[in-house]
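First the structure, in the form of structure tokens, and then the observations on it.
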Amino acid sequence: MNRTFSLVLVLVLTSLLVGCSENDSEPVSEFAVDWRHAGGDHSQAKYSPLDQINAENFADLEVAWRWQSADLRLPDGVGYATADYRAVPLVVNGTMYVNSNHGVIAAIDPATGEELWLFDPESYRYGSPIQTNIMIRGIEYWTDGDIERIFVATLGKQLLSLDVATGQPDPNFGEDGFIDLSQNLGRLEFESNFITAGAAPIAIGNSLIVGSKIFDYGMYNRSPPGHVRAYDTYTGELKWRFNTIPQDGEYGNETWENDSWRTAGNTNVWTFMSADEEAGIVYLPTSTPTNDYWGGMRLGENLFAEALVALDVETGERLWHFQTVHHGLWDYDIGSSPNLVDIVVDGEPIKAVAQVSKTAFTYVFDRITGESVWPIEERPVAPSTVPGERAHPTQPFPTKPAPFDRQGVTEDDLIDFTPEIAAEAREIANNFVLGPIFTPPIVRGENDKLATFVVPGAGGGANFPGASVDPETGILYIPSATRPHGMSLIAPPEGTSDWPFVIQMERQVGPFGLPLLKPPYRRITAIDLNTGNHVWQIPFGMGPANHPMLEHLDLPPLGSVYDDVVAEGGILVTKTLLVSFLAQKDEIDPQAHGSILVALDKNTGETLAEVLVDQRLHGPPMSYMHEGRQYIAVAGGGRDNDDELLVFSLPD
């Protein structure tokens, strides 16, 4: 049974908003005032051309309204614990649409926060997903010019189509508006509780394309594959399935040796996809197969894991692909959406796609042909010493752009602000294998070492927030974190796994509570995709500059070091600003609860203005204009049963 909390039949009669910013006499298009998809549009630019909010008035921003998540109104005993609230609201034709972590969808007046309708798919009736970080990060809007729908993939393995006018499921879609996502994966014998969705689906033409978030936390070689499926936007009929782990007779099948394609799982698309609507191409960023760190049961290159794959939207046919990591052993998922941008390189116009990754590389291609814009070289890397493992002998290294974060580690990279700190750092580092990027994990205790010190770590480089791009300049803005991990393999407890090795992590192992490596620990990097050159790079956040052993040095910002910075937030690009946020606990007081909304100069990275916010922000910031006023919205809360959407604007 599905129920609505409330249904207010409100027809919001709006004309096309042709507003003018205070500083620009040119009219603003309907698409400029809207934010129609999680990344703003299907290019995943996360860009708004609005400039009513600018460097001169950003510090005057106030909370215009707040929307308390509908999850907080679920009856006692209903649902399960969820993670931080990171949803991206959409604004279309004068109405905002947003989801809760449990998949409750609300239509909201974007000027006041008043609810217009609310629909609860009751996804919690299907049991708690077997995973951590339980949340739904976004929804998808689609229209054919007449029909308008909101699509959501819930944690309950549901794919849902809602009528935007009524908030009710489309009776012509699937079964009364719902599709069971535990079906049509090709591995029906596996437990469906492993399957959820990590991001919103993407709707292009009449194809609704959905990825999967499948975890191997069960410690057995039995996870379902993360195949990608497309459904008809009108009927919900399955149109095609692209097997991210190629099946018998399919291209790439031979890269899974010893028929490991039959049993290997994951290889998900768990982040946002992007699409070139004109070309009819969808771009899939894929993840690591099971198990993430030991591949003895899946020897070979393992296509299409950790790859960017371009598919025909209508048929699912593979047009081209590029694998960023062969036979991954480091959990170097592509956790970020691809960015589509038109650039000019050496006088040649290129319709490009740029893919940032946990490796701290940016891979840039002609998005139609798949040809790399700058050479990408296969270079030798270290072999594995783990029994049963065979690391791939080479890995791809882009020659341009240069890496945007630290890669690999030597003794020269160890923290050394004082002789005492430097000596302790060297002593700690002696417990680890140090080496360049793609140095494989070791068996714990090998040569008296605890682990391989992997830089960037599994949560480092560019993660879920991904990059943002200014389509007018072709400049890519990348938030990243170093976040190293000590990675070692150990035998699992008897009877808990059919793998001989599972991962054991060592985190934050530096001296005196400091990181082991030199700063910066968190960065924002601007890269001109027309040249492949870095424009600027800054540390983002103070980091441990005020640590008792460092405070006398009067250090500049070192970049935040806390774990949660890698998976939340992101950068909103506007006509004149970059907008992101920092946690007050990292910058002001470790006990502080709130955040700092930050405006940065697009040309230099200089901080222009800040706004203190009493809530801990988590979601990607977005912007829209309604009735001539520009707003910035960010989701936050969730750790204290306080999930809410905060919407900022200038004072009246």
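The values are calculated or read from the model by the stated rules, or taken from the named source; none is laboratory data. What you are looking at is a predicted structure, and each value in this text was computed from that prediction instead of being measured. No Cβ is skipped: glycine too gets one built from the backbone with ideal geometry, and neighbour counts run over all protein chains shown. Accessible surface is based on the protein model in full, side chains and every heavy atom, while ligands, DNA and RNA are left aside. Shrake-Rupley method; radii C 1.70, N 1.55, O 1.52, S 1.80 Å.
Taking just the alpha-carbon atoms of the range 183-333, what radius of gyration and Dmax come out, in angstrom?
Calculated on Cα positions, Rg and Dmax stand at 14.4, 43 Å.
With labels modelled as points extended 7 Å from the Cα through the Cβ direction, what inter-label distance (nm, one decimal) is found for E348 paired with M505?
Roughly 4.1 nm, to one decimal.
Give, as a single signed number, the net charge of other residues whose beta carbon lies under 9 Å from the beta carbon of Q395, with Lys and Arg counted +1 and Asp and Glu -1.
Net local charge, Q395 excluded: 0.
Listed highest first by mean packing, meaning other Cβ atoms within 10 Å per residue, what order do 353-362, 514-523 come in?
Sorting 353-362, 514-523 by mean packing, highest first, produces 353-362, 514-523.
So with the 1.4 Å probe, I'd like the accessible area per residue for the chain, rounded to whole Å².
36
Of the listed peptides 524-537, 96-109, what is their order by residue-averaged count of other C-beta atoms within 10 Å, with the highest listed first?
96-109, 524-537
Using amide H atoms built in the peptide plane, which far-off residues or other-chain residues are under 5 Å from L608 H to H?
A599, L600, D601
First check a/c for the range 470-512, with a ≥ b ≥ c the square roots of the eigenvalues of its C-alpha gyration tensor; if it is under 1.5, answer rounded, and if not, answer prolate when a/b is larger than b/c or oblate otherwise.
Because a/c hits 1.5 or more and a/b fails to exceed b/c, the range 470-512 counts as oblate.
How many angstrom separate the Cα center of the range 310-372 from the Cα center of the range 574-618?
30
Tell me, what are the semi-axes, in whole angstrom and largest first, of the equivalent ellipsoid of the range 518-652 as set by the roots of 5 times the Cα gyration tensor eigenvalues?
Equivalent ellipsoid of the range 518-652: 25, 22, 13 Å, largest first.
So which lysines can K213 reach, going by Cα to Cα under 23 Å and dropping same-chain residues fewer than 8 places off?
Result set, ordered by chain and number: K46, K157, K239, K358.
In whole Hz, what ³J(HN,Hα) sequence does the range 258-273 give by Karplus (6.51, -1.76, 1.60; θ = phi - 60°), x for Gly and Pro?
After applying 6.51 cos²θ - 1.76 cosθ + 1.60, I find 6, 6, 5, 4, 6, 10, 5, x, 6, 6, 8, 10, 9, 10, 6, 8 Hz.
Which shape class, rounded, prolate or oblate, goes with the range 452-572 when its Cα gyration tensor gives a ≥ b ≥ c as root eigenvalues, a/c under 1.5 marks rounded, and past that a/b bigger than b/c marks prolate?
oblate
Roll a 1.4 angstrom probe over the protein heavy atoms and tell me the percent of accessible area of the range 211-282 that is carbon or sulfur.
The C+S portion of the solvent-accessible surface of the range 211-282 is 44 percent.
Could you go through the range 378-389 in sequence order and give the Karplus-derived ³J(HN,Hα) for each residue, using 6.51 cos²θ - 1.76 cosθ + 1.60 with θ = phi - 60°, rounded to whole Hz, and x for Gly and Pro?
With the stated coefficients, the range 378-389 comes to 7, 10, x, 10, 5, x, 8, 10, 7, x, x, 9 Hz.
Which ³J(HN,Hα) values, rounded to whole Hz and listed in residue order, are derived for the range 554-561 from phi using the Karplus coefficients 6.51, -1.76 and 1.60 in 6.51 cos²θ - 1.76 cosθ + 1.60 with θ = phi - 60°, glycine and proline given as x?
Computed from phi, the couplings for the range 554-561 are 6, 7, x, x, 10, x, 4, 10 Hz.
What number comes out for the charge environment of S274, summing +1 per Lys or Arg and -1 per Asp or Glu over other residues with Cβ under 12 Å away?
Value of the local net charge: -1.
Taking K and R as +1 and D and E as -1, what net charge do the other residues with C-beta under 12 Å from the C-beta of T531 add up to?
Overall, the nearby charge balance is -1.
What does the convex hull of the alpha-carbon atoms of the chain project to on average, in nm²?
27.9
Report, by chain and number, residues whose modeled amide H sits under 5 Å from the one on L516, excluding near sequence neighbours (fewer than 5 apart, same chain).
Hits under the 5 Å cutoff: V509, G510.
Determine the shape class of the range 42-154: with a ≥ b ≥ c the square roots of the Cα gyration tensor eigenvalues, call it rounded for a/c under 1.5, and otherwise prolate if a/b is greater than b/c, oblate otherwise.
Here the range 42-154 falls in the prolate category.
If we sort 611-621, 369-379 on the protection proxy, mean other Cβ atoms within 10 Å, highest first, what's the order?
Highest to lowest by the protection proxy: 611-621, 369-379.
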